[in-house]
Structures are given as structure tokens and as C-alpha cells.
Amino acid sequence: MPAQLLDGNILSKKLRAKIAARGAIVTAKGVRPGLAVIVVGDNPASQIYVRNKVKACEDVGFHSVLESFSVELGEAELLARIATLNADPSIHGILVQLPLPEHIASERVLEAIAPQKDVDGFHIANAGALMVGHPQFKPCTPYGCMKILENIDYPIRGARAVIVGASNIVGKPMALLLLQAGATVTICNSKTRDLAHHTKDADILVVATGKAKMITGDMIKTGAVVIDVGINRMPDGKLCGDVDFDTAKYIAGWITPVPGGVGPMTITMLLMNTLEAAEKAAKL
Ligand code: NDP
């Protein structure tokens with residue numbers, strides 16, 4: 001029997017309605033949630049991502065500012081702009097779209113964002129807080145994956161979870177969130193020997209490698225929950241994930257599509273983090 005589809009658009013719609021309602025309450029108290037999105041350079045994918053984020057803010061009634069800079073922008077100017085936004089009471093979340101041009105050190109930029117406005121959860125203080133189990137902001141993509149699992153009431157406690165990919169923005173925080181929820185977690189990377197041995201053992205398989213269709217149906221345990229974070233553009237212009245959906249859907253119990261799975265959830269959780277930052281600012 002084909003897997004059940006984990007539709008991120010449907011779940012996002014429900015969550016965004018709740019976010020809009022909570023946003024209206026905090027706005028009525030004089031604090032309208034506000035997000036500043038900064039993008040440097042003209043990377044076409046980044047331009048699409050930032051426009052989607054700003055539009056999502058508008059749709060739930062949040063204030064949003066898009067600051068788009070040319071690729072020549074210097075690091076000092078970017079840091080100065082972030083300092084201004086840190087001090088701006090109408091802004092509760094600041095997001096710098098990655099990747100940044102090579103002449104700008106991403107770590108220095110991410111560390112410059114005030115931790116209480118770091119709605120991406122990438123500041124080292126927030127990464128550390130997540131590590132010790134008291135996250136202020138959960139990174140949006142892993143947070144969205146957890147919401148997908150929560151929505152199907154999947155028993156995470158005691159489950160075997162395998163994460164393929166170990167980046168700071170997806171793989172590692174995903175592993176920490178699953179660990180904190182009681183899963184037994186394995187993290188794989190590009191050096192992992194016999195990857196299929198690990199993936200076939202997973203009740204929950206999360207894939208975030210950026211390698212199109214690398215996880216095929218024969219690498220998946222029957223009935224597993226498969227969460228595909230990857231977004232890859234194929235030569236024909238179509239998007240696909242890191243999981244080979246056409247073979248995986250006959251083996252998995254649940255599976256996220258690409259597009260329409262984790263992608264919309266990432267933006268939804270960005271809205272959630274911005275809302276929570278505003279609620280804290282309003283002392284709600
Ligand atoms: P990175 O390139 O930062 O990290 C990729 C990770 O995958 C690394 O840890 C790497 O291992 C590992 N990896 C690469 N090849 C293999 C392999 N053959 N076997 C096992 N592990 C491998 O990527 P990101 O985490 O930033 O993104 C991953 C994917 O998720 C991309 O497609 C990206 O576009 C997508 N993405 C989607 C989002 C969404 O909202 N849906 C949000 C963020 C990302 P090593 O550490 O050894 O190099």
C-alpha cells in the first residue's frame with residue numbers, strides 16, 4: 001500500500017491560521033509581530049525564498065521588512081545594519097538569508113543578531129540552549145519536521161531515528177530535537193560506511209543532504225516515516241527531494257513530498273518563532 005502523504009501545505013495552513021489569531025491578540029496589545037529579512041546578492045533561489053518569507057508574514061498580518069543589498073555590500077555595513085535592527089522595537093525577528101557572498105563571514109553575521117531576535121535559531125547562544133534542552137528558538141526546518149511528526153501522533157519515544165546529513169542548520173538540530181523527544185538517534189554524513197544499513201533500521205528517517213533522490217526505496221524500512229528536507233532542481237526545471245519518491249512511497253508508511261512537504265513548514269515555523277519573540281516583547 002502506498003505511503004500516506006505528509007502534506008506540509010495543509011498542515012501549514014492550519015498552523016498559520018492559529019499564528020494569525022495569536023498575532024492579532026499581540027497586535028491588539030500594541031505589539032505587531034515584525035520580521036526583517038536581509039538578503040545580499042542576486043542568488044535567484046535566495047530571492048525566491050526571501051520573497052516567500054515576506055509574503056507569508058503579510059498573509060498572517062505581521063509587519064515585515066525586506067532589505068535587499070547588492071553583492072558588493074561590505075561586512076561592516078551589514079553588521080551596522082543588523083545593529084540598527086537589533087535596536088528597532090518594531091522588529092522582533094531578524095533573518096539573514098544564507099549563503100552570503102564569500103567576502104562576508106557568515107558566523108560573524110549570525111553572531112551579530114541579538115539572540116532574542118534570532119528567529120532562525122542559528123546564533124551560538126541559541127544553538128547552545130538547544131543543545132542543553134532549553135531552546136529559545138528552534139531552527140525552523142527541524143522544528144517544522146517535528147510538527148509533522150506531532151501531527152500524526154507518531155510515538156517518537158523509543159523510536160529509532162536516523163538523520164542523513166549533519167549540517168548546523170538541519171541535521172544536527174534535527175538530531176537534538178529527536179533525542180530530546182526520546183528517540184534513539186543516529187546521524188550519518190558523507191563518510192558514513194554502508195549508509196543503507198543505517199537507513200533501513202530507521203523508524204523515522206530524515207534526509208537533508210542536497211543530493212537528489214539519493215535515498216531509494218530499498219534503503220527504507222517498511223512502514224517508516226520518511227521526511228525529505230532536500231530541495232534540488234533537476235535539469236528539466238522540476239524540483240525533487242533527496243529521497244527517490246517514486247520508489248520510497250511503496251515502502252514507507254508516511255512520506256513528505258517535494259515540493260509541498262518540509263518547505264512550507266520551514267516558513268510556518270519562522271512565523272511561529274517571530275510570533276513568540278513578539279509575545280515575549282509584549283510580556284504575554
Ligand atoms: P549542507 O550541504 O550544509 O549539508 C549536507 C549534509 O549532508 C552534510 O552533513 C554532508 O556530509 C551530508 N551528505 C552529503 N552527501 C552525503 C551522502 N552521500 N551520504 C550521506 N551524507 C551526505 O546542506 P543543508 O543541511 O543546508 O541542506 C540539505 C538539503 O536540504 C539541501 O537540499 C537544501 O536545499 C535543503 N534544505 C531545505 C530546507 C527546507 O525548508 N525544505 C531548508 C534547508 C535546507 P558531510 O558533513 O560529511 O559533508
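Does the range 132-141 hold any residues that are surrounded by 16 or more Cβ atoms within 10 Å (Cβ to Cβ) and either in contact (Cβ under 8 Å) with a residue 40 or more places away in the chain or away from the ligand (no atom under 16 Å from the Cβ) (or both), and which are they? Can you show your working first?
Going residue by residue through the range 132-141, those that are surrounded by 16 or more Cβ atoms within 10 Å (Cβ to Cβ) are 135-141.
The answer is 135, 136, 137, 138, 140, 141.
Name the residues in the range 245-276 that are open to solvent by less than 10 Å² (accessible area, probe 1.4 Å) and part of a helix (DSSP H, G or I), would you?
Correct list: 248, 262, 265, 268, 269, 270, 271, 273, 274, 275.
Answer with yes or no whether residue 10 is surrounded by fewer than 17 Cβ atoms within 10 Å (Cβ to Cβ) and over 30 Å from residue 153 (Cα atoms).
Values: surrounded by fewer than 17 Cβ atoms within 10 Å (Cβ to Cβ): yes; over 30 Å from residue 153 (Cα atoms): no.
It is false that residue 10 is surrounded by fewer than 17 Cβ atoms within 10 Å (Cβ to Cβ) and over 30 Å from residue 153 (Cα atoms).
Say whether the condition of being of a type in the set (Gly, Ala, Ser), in the same structural domain as residue 226 (by TED's automatic domain parsing), within 16 Å of the ligand (Cβ to nearest atom) and free of Cβ contacts under 8 Å to residues at least 24 places away in the same chain is met by at least one residue in the range 164-182. Quick ask: steps written out before the conclusion?
Going through the range 164-182, the residues of a type in the set (Gly, Ala, Ser) turn out to be 165-167, 171, 175, 181-182.
Next cut, in the same structural domain as residue 226 (by TED's automatic domain parsing) only: 165-167, 171, 175, 181-182.
Going one step further and asking which of them are within 16 Å of the ligand (Cβ to nearest atom), we end up with 165-167, 171, 175.
Pick out the ones that are also free of Cβ contacts under 8 Å to residues at least 24 places away in the same chain and you get 166, 175.
Yes; the residues of the range 164-182 include at least one that is of a type in the set (Gly, Ala, Ser), in the same structural domain as residue 226 (by TED's automatic domain parsing), within 16 Å of the ligand (Cβ to nearest atom) and free of Cβ contacts under 8 Å to residues at least 24 places away in the same chain.
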Q: Determine if the range 202-215 includes at least one residue that is more than 25 Å from residue 266 (Cβ to Cβ) and more than 9 Å from the ligand (Cβ to nearest atom).
A: no
Q | Out of 125, 129, 87, 80, sole residue that is without any contact (Cβ under 8 Å) to a residue 12 or more places away in the chain, open to solvent by 60 Å² or more (accessible area, probe 1.4 Å) and farther than 30 Å from residue 4 by Cα | A | 87
Q. Hey, among the residues in the range 219-244 that are more than 16 Å from residue 205 (Cα to Cα) and not in a loop (DSSP other than H, G, I, E, B), which one's nearest to the ligand (Cβ to nearest atom)?
A. 232
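The values are calculated or read from the model by the stated rules, or taken from the named source; none is laboratory data. These figures come from a predicted structure and were not determined experimentally. Glycine gets a Cβ as well: all are built from the backbone with ideal geometry, and neighbour counts include every protein chain shown. When the accessible area is computed, the model is the full protein with side chains, heavy atoms only, and any ligands, DNA or RNA have been set aside. Shrake-Rupley method; radii C 1.70, N 1.55, O 1.52, S 1.80 Å.
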